[in-house]
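The structure appears below as structure tokens.
The values are calculated or read from the model by the stated rules, or taken from the named source; none is laboratory data. In this text, all values refer to a predicted model and were calculated from it rather than measured experimentally. Heads up, the Cβs are rebuilt from the backbone with ideal geometry, glycines too, and the neighbour counts pull from every protein chain shown.
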Amino acid sequence: MSASPAIVLIAPDHPDEMRAGFARYVEEYDVRLARSCHEALQVTHDIVAEGGTVAMFSAESVLPDADVLHCFHKLREKVPTARRLIAAHWDRFLTDAPALRAGMAKGKYDAFLLMPRGTRDEEFHNAITDLLSDWGSTVADPEVVAVKIVTPVRDGLTLQIRDFLDRMGMPSRVYEPDSDGGRYVLDLWDGEPVYPLVCRGHGDVMHATSVRDVALAIYGAPTEIDLEHVVDVAVVGGGPAGLAAAVYAASEGLATVILEAEAIGGQAGTSSMIRNYLGFPRGISGMRLAQRARNQALRFGAQFYTGQVVDELRPGFDGDPHVLCTDSGEVRARSVVISSGIAYRKLRVDPIEELVGNGVYYGAAMTAAREMEGQDVYVVGGGNSAGQAAVHLARFARSVTILVRRPDLAETMSSYLIGEIEYNSRIHVRTCCRVVDGGGDGRLEWLTLEDVDDGTQDRVDAYGLFLLLGAEPHCDWIPREIARDERGYVLTGRDVPKHLWADGLPPENLATTVPGIFAAGDVRAGSMKRVASASGEGASVVPLVHDFLAPAPDPAPVG
């Protein structure tokens, strides 16, 4: 078996330059050279036959025996998880780029780079390490393990814990109790083991009964805040809007606390790859975007508490602070930013709901995707989140079928994703269709699909069902003093009914009907439901918070 994941270089004309560009990776990767597509396919076949895998293919822009994109298509069929890039020689970089760049938008490959022209071409290596890091986050058993989980069974709770840790950027691995890793953890446990056991890197071991247990053990609870201390701004929700608000508020000196019910990143954090976010031409996973923003906010002094469901918001009036109540403590804040986002709508098919966590998943469960290798899976939803989930699942599953009630995807999904789906032979789209039944012996095994036009039904084998059905706001905890629309979204600015305006004037653009409480992102009525717009609203809300917190000006002197 190959000891290290491989990097396969395909360089017919400039092998020495290509090999030199990857020289720094030879100690940790099995770097192999091929001079044609045919040879690359044979090298890949040998690696897989030895029990190894390929992390990356890097090819020149012109190959002697195949179009480079057609070659990548063949290689993807052999190793779907490998990252694919073109490292064009500088003699061909400008001439070949126009014809090849369009292929990136359709997911035919991951990056178009200039072959290094010398040592320490760090721009080149920055792209390479980003791609290898993305690859590493998709493998079932990562090389670097931050958290060990010991359990004799792979149940729904274990999967939920791993998914939470993945979204928090903490790679984990599951060990059988009688494995070396399992025995190491059991030696640290005092008493009879109760599974699953979760061990952090420094040796603390706990029995987890929920994801919240793990979150509290790693990140703490709001009770650690001095309850007599009033923070300047409390942000409810750690999605793009909440993270942007936290970064800008903390950077401007405001005492900032963020409460997140699940993992940092919200729905965006579950996305395997966001390709149309400004400033990331090769795309960025939702997890990485969220963790970079979290680290940025931490750098400025913000405090994060994950696994914290806000059960109640008690508005403060006449100078009293607002109070956010959770099971593990209260936070008192002079201002509040509501950015709790939205939740996927339920399918409301009882047999399906009973299998959630056992083949049925709401959202793009990143960890569950790795469990789908060689299986037939289904994705319900027609938005970008569903498209991104399908593309990611196609790295592992034998087939991925997107189910939508509409006649096509064009109305709800971005063009670049539709193109990527059309190109991927593993992904199929079934329109005018819905799920009406499903079942299995302890986990999902089959689905019944119904044509919404004529009512005909058929039963299909299914190992996984990923539900990305649109959204409902997270607003049950919001008090009646804060106006909401008929669907439950928070009203702000001129969307607030006129009879609730103060002195005939509407609230500020992102302000609610309670002074000092603001809303940003998907939870707000009229928001665009895009990562970039949510981030923009999170940043834009901070000047409004500043204005609210600013002391009233001294009255003008008389006379």
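Comparison of GLU224, GLU260 shows that the only residue that is among the charged types (D, E, K, R), closer than 30 Å to ARG162 by Cβ and at pLDDT 85 or above is GLU260. Of the residues in the range 491-505, at least one is surrounded by fewer than 14 Cβ atoms within 10 Å (Cβ to Cβ) and acidic (Asp, Glu). Going residue by residue through the range 164-171, is there one that turns out to be of a type in the set (A, V, I, L, M) and in contact with a Pro (Cβ under 8 Å, 6 or more places away or on another chain)? The answer is yes; a qualifying residue exists. Identify, please: which residue in the range 459-484 is part of a loop (DSSP other than H, G, I, E, B) and not hydrophobic (A, V, I, L, M, F, W, C) and is, among those, nearest to GLU371 (Cα to Cα)? Only one residue tops the list, namely TYR463. In the range 230-254, the qualifying residues are those that are over 20 Å from the mean Cα position of the chain (by Cα) and more than 18 Å from GLY316 (Cα to Cα), and the one that is surrounded by the fewest Cβ atoms within 10 Å (Cβ to Cβ) is GLY253. Cβ separations smaller than 6 Å between residues 6+ apart or across chains give the following pairs from the range 202-222 residues that are over 16 Å from MET170 (Cβ atoms) to residues that are surrounded by fewer than 18 Cβ atoms within 10 Å (Cβ to Cβ): HIS207/VAL194; ALA221/SER328; ALA221/GLY329; PRO222/GLY329.
What about GLU537, is it surrounded by 17 or more Cβ atoms within 10 Å (Cβ to Cβ), touching a Ser or Thr at 6+ places or on another chain (Cβ under 8 Å) and of a type in the set (D, E, K, R)?
Taking the combined requirement at face value, the residue satisfies it.
Candidates in the range 113-141 are the residues that are outside any helix (DSSP H, G or I) and of a type in the set (Gly, Ala, Ser); of these, the one that is farthest from the chain's Cα centre (by Cα) is GLY118.
Of the candidates ILE418, ILE482, ILE427, the single residue that is under 30 Å from HIS499 (Cβ atoms), outside the structural domain of MET104 (by TED's automatic domain parsing) and either aliphatic (A, V, I, L, M) or in contact with a strand residue (DSSP E or B) (Cβ under 6 Å, 6 or more places away or on another chain) (or both) is ILE482. Just the residues that are at pLDDT below 95, in a loop (DSSP other than H, G, I, E, B) and buried (at least 20 other Cβ atoms within 10 Å of the Cβ), please, taken from the range 284-309. Result: SER285, GLY307, GLN308.
For the range 310-322, which positions are surrounded by fewer than 17 Cβ atoms within 10 Å (Cβ to Cβ) and either in contact with a Phe, Trp or Tyr (Cβ under 7 Å, 6 or more places away or on another chain) or at pLDDT below 95 (or both)? Lay out the reasoning, then the answer.
Narrowing the range 310-322 to residues surrounded by fewer than 17 Cβ atoms within 10 Å (Cβ to Cβ): 311-312, 314, 317-320.
Passing the criteria: ASP311, GLU312, PHE317, ASP318, GLY319, ASP320.
Of everything listed in (1) closer than 16 Å to SER339 by Cα; (2) of a type outside the set (D, E, K, R); (3) surrounded by fewer than 20 Cβ atoms within 10 Å (Cβ to Cβ), the single unmet condition for VAL257 is (3). Only one entry in ALA105, ALA49, ALA99 is under 27 Å from the mean Cα position of the chain (by Cα) and of a type in the set (Gly, Ala, Ser), namely ALA105.
Limited to the range 145-160, what total is found for residues that are at pLDDT below 90 and either charged (D, E, K, R) or under 18 Å from ARG24 (Cβ atoms) (or both)? Residues in the range 145-160 being at pLDDT below 90 and either charged (D, E, K, R) or under 18 Å from ARG24 (Cβ atoms) (or both): 2 in total. Looking at the range 454-477, is at least one residue more than 24 Å from ALA364 (Cβ to Cβ), in contact (Cβ under 8 Å) with a residue 60 or more places away in the chain and in contact with a strand residue (DSSP E or B) (Cβ under 7 Å, 6 or more places away or on another chain)? Looking for residues that are more than 24 Å from ALA364 (Cβ to Cβ), in contact (Cβ under 8 Å) with a residue 60 or more places away in the chain and in contact with a strand residue (DSSP E or B) (Cβ under 7 Å, 6 or more places away or on another chain), one finds at least one in the range 454-477, hence yes.
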